[in-house]
1. Among the listed residues 91, 80, which satisfies the condition of being more than 25 Å from residue 224 (Cα to Cα) and loosely packed, with under 14 Cβ neighbours inside 10 Å?
2. Please return the ranges of strands (runs of 3 or more DSSP E) entirely within segment 2-108 where 3 or more residues are within 16 Å of the ligand (Cβ to nearest atom).
3. When you scan segment 137-156, do you find a residue that is polar (S, T, N, Q) and under 30 Å from residue 24 (Cα atoms), even just one?
4. Condition first: surrounded by 17 or more Cβ atoms within 10 Å (Cβ to Cβ), assigned to a helix (DSSP H, G or I) and within 11 Å of the chain's Cα centre (by Cα). Now tell me which residues in segment 109-123 satisfy that.
5. Which numbered condition in (1) open to solvent by less than 30 Å² (accessible area, probe 1.4 Å); (2) touching a residue at least 40 places away in the same chain (Cβ under 8 Å); (3) closer than 26 Å to residue 255 by Cβ is the only one that residue 73 fails?
6. Please work out if residue 141 is open to solvent by 80 Å² or more (accessible area, probe 1.4 Å) and assigned by TED's automatic domain parsing to the domain that holds residue 177.
7. With respect to residue 50, determine if the residue is of a type in the set (Ser, Thr, Tyr), open to solvent by 30 Å² or more (accessible area, probe 1.4 Å) and touching a residue at least 12 places away in the same chain (Cβ under 8 Å).
8. Every residue in segment 191-222 that is farther than 20 Å from residue 149 by Cβ and either open to solvent by 20 Å² or more (accessible area, probe 1.4 Å) or within 14 Å of the ligand (Cβ to nearest atom) (or both), please.
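The values are calculated or read from the model by the stated rules, or taken from the named source; none is laboratory data. Keep in mind that this is a model prediction, so the values were computed, not measured. Please note: Cβ atoms are built from the backbone with ideal geometry, for glycine as well, and neighbour counts cover all protein chains shown. These area figures cover heavy atoms from the full protein model, side chains too; ligands, DNA and RNA do not enter into them. Shrake-Rupley method; radii C 1.70, N 1.55, O 1.52, S 1.80 Å.
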Amino acid sequence: MRLDKFLAESSIGTRKNVRTYIKEGAVKVNGQVITEPAIEINENIDFIEYLDKVVDYRGKVYYMFHKPAGCITATKDEVNKTVLDFFHEDNMNGIFHVGRLDKDTEGLLLLTNDGEFEHHLMCPGKHVEKKYFFVALGSLNEEGIKRLESGISIGEDGVLTKPAKIEIAKHGSYKEFEEEMDIRKFYNMESNCYNQLVVSGYLTISEGRKHQVKRMLKAVGCYVVYLKRVSIGSLMLDESLEKGQYRMLKEEEIQKLLGNL
Ligand code: URA
């Protein structure tokens, strides 16, 4: 493997930065300063140092995380708990989240140190589908459903959303939802609003505009009180993961997400 690739994949820096470090003489291979980024090394045998510290080769890593509500999708923050605070790996340098979920949104979030993987999933041209389960105050009629499916204006720019898929799971009163799924956990309403209509279902979108699901549903008169991402492309949230837990993606899952299988 090339020396610059090895250092970038070990989270020393971006490919561009590590080339500079190498040229500046900050990198040693088997005790010798090497200033040629393209030199081939063997990551299983050679001994690489950056600023006189041994570099552990990690390669590319891919995690599935069950994000709980209450933490923010960021790598660091002075005030809020971040998604990275849930990880117990020795070295999380260079690992970032693929896209974002709002602080109060739960569900499937991917993290990686592979920029190309992120690009593949996030690039608007790829239209990777993301499916969300929602519970919202309000109700959805045929016209609302058609508008969500065909494209709807959700902001000042007037640009319509791309066609979406919607499946209604249940229409009912706040009281019925409260009995079934303890909706109070998400939304505290006065008891005299027990007859307020509530709708739950799945919305699948292929874009990533800010607060998109909440804004789409608001545009048809529904106020989201609970949101959970259940899948990205072919990958479903592993329901054996408790909120706040994570696991490595399997090779097959990675290849499917990349469209190679
Ligand atoms: N849409 C939203 O409104 N919020 C999210 O967290 C994700 C999609």
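1. Numbers: 80 fails: more than 25 Å from residue 224 (Cα to Cα).
Going through 91, 80 in turn, just one is more than 25 Å from residue 224 (Cα to Cα) and loosely packed, with under 14 Cβ neighbours inside 10 Å: 91.
2. On the way: elements: 27-29, 48-50, 62-67, 96-98.
Hits in segment 2-108: 62-67.
3. Residues of segment 137-156 that are polar (S, T, N, Q), as a first pass: 139, 141, 150, 153.
Now narrow it down to the ones that are under 30 Å from residue 24 (Cα atoms): none.
No: segment 137-156 contains no residue that is polar (S, T, N, Q) and under 30 Å from residue 24 (Cα atoms).
4. If the condition is that a residue be surrounded by 17 or more Cβ atoms within 10 Å (Cβ to Cβ), assigned to a helix (DSSP H, G or I) and within 11 Å of the chain's Cα centre (by Cα), then 118, 121 are the ones that fit.
5. Here residue 73 meets the rest and fails (2).
6. On the way: open to solvent by 80 Å² or more (accessible area, probe 1.4 Å): yes; assigned by TED's automatic domain parsing to the domain that holds residue 177: yes.
Considered against the rule, which asks whether it is open to solvent by 80 Å² or more (accessible area, probe 1.4 Å) and assigned by TED's automatic domain parsing to the domain that holds residue 177, residue 141 comes out as yes.
7. Values: of a type in the set (Ser, Thr, Tyr): yes; open to solvent by 30 Å² or more (accessible area, probe 1.4 Å): yes; touching a residue at least 12 places away in the same chain (Cβ under 8 Å): yes.
So residue 50 passes the test.
8. Pass one, segment 191-222, residues farther than 20 Å from residue 149 by Cβ: 191-198, 210.
Correct list: 191, 192, 193, 194, 195, 196, 197, 210.
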